[in-house]
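Each remark here refers to the structure printed beneath this line.
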Amino acid sequence: MKALLLVDLQNDFLPGGALPVPQGDEVIPVANRLMEKFELVIATKDWHPANHQSFAAMHAMRKPGDVIQLHGLSQVLWPIHCVQGSHGAAFACPEGRQAERLNTNKIQQITYKGTHPEVDSYSGFFDNGQRTNTGLDDYLRVKKVEELYIMGLATDYCVKYTTLDALKLSYRCFLITDGCRGVNLQADDSEKAIREMQQKGATLITSDQVV
Ligand code: VGL
Ligand code: ZN
């Protein structure tokens, strides 16, 4: 069984959102088109409590982009984003831009991550300390999924870590490159992330190659 895994297609990651991914809006039509080709569509949502420790505002004298040590893990600090229940955390539905509205009808399962205030979770499978499990792996095993087609935001964070964990868990992974956009705190972060995913076993494809 194959499944389409949509990573964090939420308002806050689109231009105009709290943590805008450059051209993040361009992947929404790609997702809407691809969903028609899959029997199983799953999505992750970044879903933080208002006091999440990845928010720069929770730390005195810190700003977004700074890196701190948080409970033994290196943590990039971000603007406040994807707060549980907020418009920013909702699936892409930018005001007045119908073309960039995610069609959610076909999404059968949503995995919420980053819900614990003290630890971030870029991957849809485990938190950044690899301690707690979101249940996504169990869900996919019950559904007998062996192949994951992965796309979304952001290439260099949540797409990357979700894909690397999926590879470790032995899923066959296809990264839909035109369905991803990166934050690029450093200009080549997305490029490096794609190369790493490929080196670790992901197959790169474009949405046109998905049949
Ligand atoms: C993400 C930074 C912080 C992502 C989530 O979805 O890639 N990036 N939270
Ligand atoms: Zn986040």
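Listing for the model above:
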read-out: Where a residue in region 2-14 is aromatic (Phe, Trp, Tyr) and its partner, wherever it lies, is in a helix (DSSP H, G or I), with Cβ under 6 Å and at least six apart; value: Phe13/Gly24
read-out: Qualifying position, being open to solvent by less than 30 Å² (accessible area, probe 1.4 Å), not in a loop (DSSP other than H, G, I, E, B) and not hydroxyl-bearing (Ser, Thr, Tyr), among Ile150, Ile110; value: Ile150
read-out: Of all residues making up region 65-81, the number that are surrounded by 13 or more Cβ atoms within 10 Å (Cβ to Cβ) and free of Cβ contacts under 8 Å to residues at least 40 places away in the same chain; value: 3
read-out: Hits in region 193-207 (condition: over 16 Å from Tyr157 (Cα atoms) and surrounded by 18 or more Cβ atoms within 10 Å (Cβ to Cβ)); value: Ser207
read-out: Filter result for the condition that a residue is of a type outside the set (Phe, Trp, Tyr), within 15 Å of ligand 1 (Cβ to nearest atom), open to solvent by 40 Å² or more (accessible area, probe 1.4 Å) and touching a strand residue (DSSP E or B) at 6+ places or on another chain (Cβ under 6 Å), over Ala50, Ala31, Ala57, Ala43; value: Ala50
read-out: Hits in region 153-207 - residues which are closer than 16 Å to Val21 by Cα, outside any helix (DSSP H, G or I) and β-branched (Val, Ile, Thr); value: Thr177, Val183
read-out: Whichever residue in region 82-101 is outside any loop (DSSP other than H, G, I, E, B) and more than 22 Å from Tyr122 (Cα to Cα) and, among such residues, is least open to solvent (accessible area, probe 1.4 Å); value: Glu100
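The values are calculated or read from the model by the stated rules, or taken from the named source; none is laboratory data. On a predicted model such as this, the values are computed, not experimentally measured, just so you know. Cβ sites come from the backbone with ideal geometry, for glycine too, and all protein chains shown count toward neighbours. Calculation scope for accessible area: heavy atoms of the full protein, side chains included, ligands and nucleic acids excluded. Shrake-Rupley method; radii C 1.70, N 1.55, O 1.52, S 1.80 Å.
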